[in-house]
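Q: Supplied in structure tokens, the structure appears directly below.
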Amino acid sequence: MSFLWDMAQDERLGEVGAKVAVARSQAQTAAAQVEQLEARLEALQLANAAMWALLRERLGLSDAELIDKMRQIDLLDGKADGKMSPRVLECTACKRTMSTRFRRCVYCGTPIAGGSPFPGV
């Protein structure tokens, strides 16, 4: 009986070990993705800071004007939450509600009039 018990326990330990290996691999993948996202975020922060410095120097814009415009854009989705959420609009052809994330109506395929290079703006 002890032999059968030991075999069953060994099998369970093997299953747990396999699950641990999968979890470790998933954690390593997630960590690598986070590292890539952080690098992209840092590059975007640097680019934004450089663009703002150029605008401030060449056009004489103020920090207050930038902050005001940020608030205006933040409110486009109806919420002052510091996030850009895709706006919702009505398709001109089928009158269904659609997101500005898409270039065409997902229901009828009609192109969105006056599309923006920045979704939600």
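Each value in this text was obtained by applying a stated rule to the coordinates, not by laboratory testing. Keep in mind the model is a prediction, meaning the values are calculated, not measured. Neighbour counts run over all protein chains shown; Cβ positions are idealised from the backbone, glycine included.
Q: Rounded, prolate or oblate: pick one for the chain, where a ≥ b ≥ c are the square roots of the eigenvalues of its C-alpha gyration tensor, a/c under 1.5 means rounded, and failing that, prolate if a/b is larger than b/c, else oblate.
A: On the way: a/c = 4.01, a/b = 1.89, b/c = 2.13.
Oblate.
Q: What net charge is computed for the residues neighbouring residue 13, neighbours being all others with C-beta under 15 Å from the C-beta of residue 13, Lys and Arg scored +1, Asp and Glu -1?
A: Details: positive: 12, 19; negative: 6, 10, 11, 15.
Neighbour charge sum, excluding residue 13 itself: -2.
Q: Going by C-beta contacts inside 10 Å, put 67, 112 in order with the fewest on the left.
A: On the way: 67 10, 112 17.
Fewest to most other Cβ atoms nearby, the residues stand as 67, 112.
Q: Give me the angle, in degrees from 0 to 90, between the Cα long axis of helix 63-74 and the longest principal axis of the Cα atoms of the chain, rounded to the nearest 10.
A: Orientation of helix 63-74: about 70 degrees from the principal axis.
Q: Could you work out the helix-only [θ] at 222 nm for the chain, with each DSSP H run of four or more residues adding -39,500 (n - 2.57) and the total divided by the number of residues, to the nearest 500 deg cm²/dmol? Write down the numbers at each step before the final one.
A: On the way: 2 runs with 70 residues, N = 121.
-21000 deg cm²/dmol, from helical runs alone.
Q: For the peptides 72-78, 44-50, what is the packing order when you average, over each peptide's residues, the other Cβ atoms within 10 Å and list the highest mean first? Could the numbers behind the result be given before it?
A: On the way: 72-78: 12.7, 44-50: 10.0.
Put in order of decreasing packing, that is 72-78, 44-50.
Q: Compute the Cα gyration tensor for region 1-59, then decide on rounded, prolate or oblate, letting a ≥ b ≥ c be the square roots of its eigenvalues: rounded whenever a/c is under 1.5, prolate when a/b is larger than b/c in the other cases, and oblate in all that remain. Intermediate results must be reported in sequence, preceding the final value.
A: Working: a/c = 14.36, a/b = 11.43, b/c = 1.26.
Prolate, because a/c is 1.5 or more and a/b exceeds b/c.
Q: Okay, moving on. If you take the charge dipole of the chain about its Cα centre, with +1 on Lys and Arg Cβ and -1 on Asp and Glu Cβ, which of 5, 98, 28 is farthest toward its positive end?
A: The residue sitting farthest along the positive end of the dipole is 98.
Q: Relative to the longest principal axis of the C-alpha atoms of the chain, give the angle of the C-alpha long axis of helix 2-59, reported between 0 and 90° and rounded to the nearest 10°.
A: Helix 2-59 and the main axis of the chain meet at about 20 degrees.
Q: Okay, next question. Show me 28-39, 99-110 ranked by packing, highest mean number of other Cβ atoms within 10 Å first.
A: Numbers: 28-39: 10.0, 99-110: 13.7.
Highest mean packing first, the order is 99-110, 28-39.
Q: Follow-up. How many lysine pairs does the chain hold where the Cα atoms are under 28 Å apart and the two sit 8 or more places apart or on different chains?
A: Working: 69/79; 69/83; 79/95; 83/95.
Count of close lysine pairs: 4.
Q: What dipole magnitude, in Debye to the nearest 20, does the chain give about its Cα centre under +1 on Lys/Arg Cβ and -1 on Asp/Glu Cβ?
A: Details: 16 positive and 15 negative charges, 163 e Å.
Here the chain has a charge dipole of around 780 debye.
Q: Okay, moving on. Where does the charge balance sit around residue 108 when Lys and Arg score +1, Asp and Glu -1, over other residues with C-beta under 11 Å from its C-beta?
A: On the way: positive: 95, 96, 104; negative: none.
Local charge sum for residue 108: +3.
Q: Just add up the charged neighbours of residue 68: K/R +1, D/E -1, any other residue whose Cβ is under 15 Å from the Cβ of residue 68.
A: Working: positive: 56, 69, 71; negative: 63, 65, 74.
Local charge sum for residue 68: 0.
Q: Right, another one. Give the peptides 91-98, 59-66 in descending order of average Cβ contacts within 10 Å, highest first. Before the final figure, lay out the partial values.
A: Details: 91-98: 13.4, 59-66: 10.1.
By packing density, highest mean first, the sequence is 91-98, 59-66.
Q: Taking only C-alpha pairs under 8 Å that are 6+ residues apart, what is the relative contact order of the chain in percent? Kindly include the intermediate steps, with their values, before the conclusion.
A: Details: 71 pairs, mean separation 15.2, N = 121.
Computed value for the chain: 13 percent relative contact order.
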